[in-house]
Amino acid sequence: MPQARALVAGASYDADTVAMLGRVFDEAWAQIAPNYTSTLAVQAARLKLANIILSFAAEGERDPAELKARSVRTMAVDDP
């Protein structure tokens, strides 16, 4: 399992929340993936996205649409 996805899958939440976070990660990554071309850039961006999603979850966000939107926006701001 790739590092970023493993990070999300290993989060300390109940199984339903971890599954939701995984779906959010996959959907957000599908939206922004075309912005990254090199293997190193892809790996770094995926790890960054996973950490962003987990940080919003740690703040209490549980709405999948909001998690995805906030995460994608944060990636866009950080990596214009």
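Considering each residue of segment 1-20, count those that are surrounded by 15 or more Cβ atoms within 10 Å (Cβ to Cβ) and touching a Lys or Arg at 6+ places or on another chain (Cβ under 8 Å), and give that number.
Going through segment 1-20 one residue at a time, the tally reaches 3.
Looking at segment 51-64, which of its residues are buried (at least 17 other Cβ atoms within 10 Å of the Cβ) and under 14 Å from Thr17 (Cα atoms)?
Ile53, Leu54, Phe56, Ala57
Which condition does Leu67 not pass, out of (1) crowded, with 19+ Cβ neighbours inside 10 Å; (2) among the hydrophobic types (A, V, I, L, M, F, W, C); (3) modelled with pLDDT under 95, if it passes all the others?
Unmet condition: (3).
Out of all the residues in segment 21-44, which are surrounded by fewer than 20 Cβ atoms within 10 Å (Cβ to Cβ), without any contact (Cβ under 8 Å) to a residue 40 or more places away in the chain and either of a type in the set (A, V, I, L, M, F, W, C) or in a helix (DSSP H, G or I) (or both)?
Gly22, Asp26, Ala30, Ala33, Pro34, Thr39, Leu40, Ala41, Val42, Ala44 - these are the residues of segment 21-44 that are surrounded by fewer than 20 Cβ atoms within 10 Å (Cβ to Cβ), without any contact (Cβ under 8 Å) to a residue 40 or more places away in the chain and either of a type in the set (A, V, I, L, M, F, W, C) or in a helix (DSSP H, G or I) (or both).
The values are calculated or read from the model by the stated rules, or taken from the named source; none is laboratory data. Since the model is a prediction, treat every value here as computed from it, not as a measurement. Note that we place each Cβ from the backbone using ideal geometry, even for glycine, and neighbour counts take in every protein chain shown.
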